[in-house]
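The values are calculated or read from the model by the stated rules, or taken from the named source; none is laboratory data. Note that the coordinates shown come from a computational prediction; the quantities given were computed from them, not determined experimentally. Methodologically, a virtual Cβ is constructed for each residue, glycine included, from the backbone with ideal geometry; neighbour enumeration extends over all protein chains shown. Please note that ligands, DNA and RNA were not included when accessible areas were found on the heavy atoms of the full protein model with its side chains. Shrake-Rupley method; radii C 1.70, N 1.55, O 1.52, S 1.80 Å.
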Amino acid sequence: MKQGVDFGYGIKSTLVQCLVLTTTYFLNVQQGIDVMMPTIIIGALQTKGDNTVPGITPEQISWIGSLVYLSPPIGSLFLSLVQARLGHSACMALTNLIQLSSVLVVVLFPITVSTLYSCSMLMGLSTGFATGLSISYSGEVCEPKLRGSLTSALNVFYFVGFFFVSTTYAITESWRRSLIITVAVPLANMVTLSLTPDSPMWLLSRGKTDKARKVLMKLRGYVSEEKCSTEFQEMVQYVSLSAKSEEAKKKPSALGSFSHPGLWNPLKLMLVYIFFSNVMSGVPYAPYLMHVFSSFKTKVEPAWAMSAYPGFSIIGNVFTILLVHRLGKRCLVLSTITVCSISYLLIGFVGQFYVNSEHTSWVKLALFFGSTLSSSLGIMPIGWILMSEVFPMKSKNLGCSICSAVYFFLSFFMTKFYMDLERFIGFYNTFVLFGGVGLIGLVYFYFRLPETENKTLKEIAEHFKLEPV
């Protein structure tokens, strides 16, 4: 792949950037916990002999699984209105408090359907905050050559949260004890928040030039002012154009960013990307993994198969970190969506036309985990990286928040009505449908997806023929 910008900071800069991103990594661990927890609760409630909530109906169970995707848009849109004023650090602290409150609801109140609804919604609200914060912050503090790899690491920690809570449940066999144990994550994050500065770009947008320069020097390994002067001047140029925009003068609020033309071209690309990414990464059936693994009829206990699911996702994300700078984002997206589509089609084909046996059950499980590994290597994590790159400075917070909101709205509808779809067309036909959708996405991305790896935010804006405001 063609080499781009390298400011030559060295290993010390890389280590400092990793340290500064620790808070975002904790936020993503908690995100993984929040998204997986309803899956665990549903699996436990559907277990024979469970009387935690007597008389709970399938409709109520579907709401528990889908509400975690319905409330994040509220958090995302609220974040778009306050982040420009408050900065990343204050918003991260608020996110941490919401995460703690989702556990306290279950600890302090009797377990009823309403309690579980509230817990799921609070988890979703904190997820909406954390998603936009993590993406925008990592995109602004990382140097161009590291942005792809370090932003990819966000997804590793997201699946670490998956793995942590699912393994805890497999060991304790109690979803309530597992949830209480996860309090350790936001408590630890309270400590790391003290090490998290606001991004240089946000400081520049608030007129704090001297502080922005000092933060950048710290982020690049405590280098001299001369060493980071080139990058700093590019940041100043990138941010200062927004102050010269007549639209920015007339519409200083976050809502004024809607009218800026720089928002729409990348937004259209990202909205299409989110749809295909959701389908390929298995969002529709995510709350029903216990049901999916039971339907494959393998001898593996569904609870332990569910624990292995994030393990394969973590492996895929680690390979993303290692390969994204070498192969580029476009290559990873096209190759992984191809593998996912073929895997889904084969699962449907084997399930429909071969008699179920131990051999075919293992084939289906292997194909399923192959699609999990592949989606986690490319189509899913690359979307979040692109989201941190493609929007201009003036519209970045709003663009990221809109994309996050759409992601969770789509996830809500996909998870809420997945079981209805399965009952309508059949379990294995859902995989055939997903595979066919993936092939359509492959054609679209082949013609429309640009390469952004190792390019500055200004260069990416120029690709979209946008004024970087």
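Side notes on the structure shown:
- Long-range Cα-Cα pairs in the stretch 41-105 (distance over 18 Å), rounded percent: 55
- The length gained on full extension between Leu15 and Ser114, counted as 0.36 nm times the residue separation minus their Cα-Cα distance, comes to 31.2 nm.
- Relative to the 2.2 N^0.38 Å rule of thumb, the stretch 354-469 has a C-alpha radius of gyration ratio of 1.39.
- Accessible surface, the chain, averaged per residue in Å² (probe 1.4 Å): 39
- Whole-angstrom Cα spans of the stretch 253-394 along principal axes, big to small: 59, 32, 27
- Annotation: amide H of Ser174 has no partner in the under-5 Å range at sequence separation 5 or more or interchain, hydrogens built in the peptide plane.
- Value in Å of the Kirkwood radius, where the stretch 22-66 supplies the Cα pairs that are averaged: 11.9
- Crossing angle, helix 72-86 versus the chain [Cα axis fit, 0-90 degrees, rounded to tens]: 20
- Multiplying each eigenvalue of the alpha-carbon gyration tensor of the stretch 98-253 by 5 and taking the square root yields semi-axes of 39, 20, 13 Å, largest first, rounded to whole angstroms.
- C-alpha center-to-center spacing [the stretch 377-399, the stretch 428-445] in angstrom: 23
- Relative to the longest principal axis of the Cα atoms of the chain, the long axis of helix 396-416 lies at roughly 10 degrees.
- Classification of the stretch 1-125 by its C-alpha gyration tensor yields a prolate form. The axis ratio a/c (a ≥ b ≥ c) is 1.5 or more, and a/b outweighs b/c.
- Mean Cβ count within 10 Å, highest first, over the residues of peptides 410-422, 205-217: 410-422, 205-217
- Helix 229-244 axis, angle to the chain major axis (alpha carbon atoms, nearest 10°): 90
- Links that overshoot a 30 Å alpha carbon limit, given the list Lys211/Lys329; Lys218/Lys394; Lys208/Lys329: Lys211/Lys329; Lys208/Lys329
- Extending 7 Å from Cα along the Cβ direction at Glu59 and again at Ser240 yields two label points whose distance is 6.2 nm.
- Alpha carbon centroid spacing (whole Å) that separates the stretch 323-369 from the stretch 218-238: 44
- Extension gain, Lys214 to Tyr444, is 78.5 nm, computed as 0.36 nm per intervening residue step minus the present C-alpha separation.
- Selected from Val68, Phe162, Ser13, residue furthest toward positive end of dipole (the chain; charges at beta carbon): Ser13
- Charge-dipole axis of the chain as Lys and Arg at +1 and Asp and Glu at -1 on Cβ define it, positive-most pick from Gly148, Val191, Ser224: Ser224
- Average Cα contact separation per residue, the chain, under 8 Å, 6 or more apart, as relative contact order %: 26
- Difference of contour (0.36 nm per residue) and Cα-Cα distance, Ser229 to Arg326: 32.2 nm
- Rounded to the nearest 20 debye, dipole of the chain from Cβ charges on Lys, Arg, Asp, Glu: 660
- Its Cα gyration tensor gives the chain an equivalent ellipsoid, and the semi-axes of that ellipsoid, as √(5λ) in whole Å with the largest first, are 37, 25, 20.
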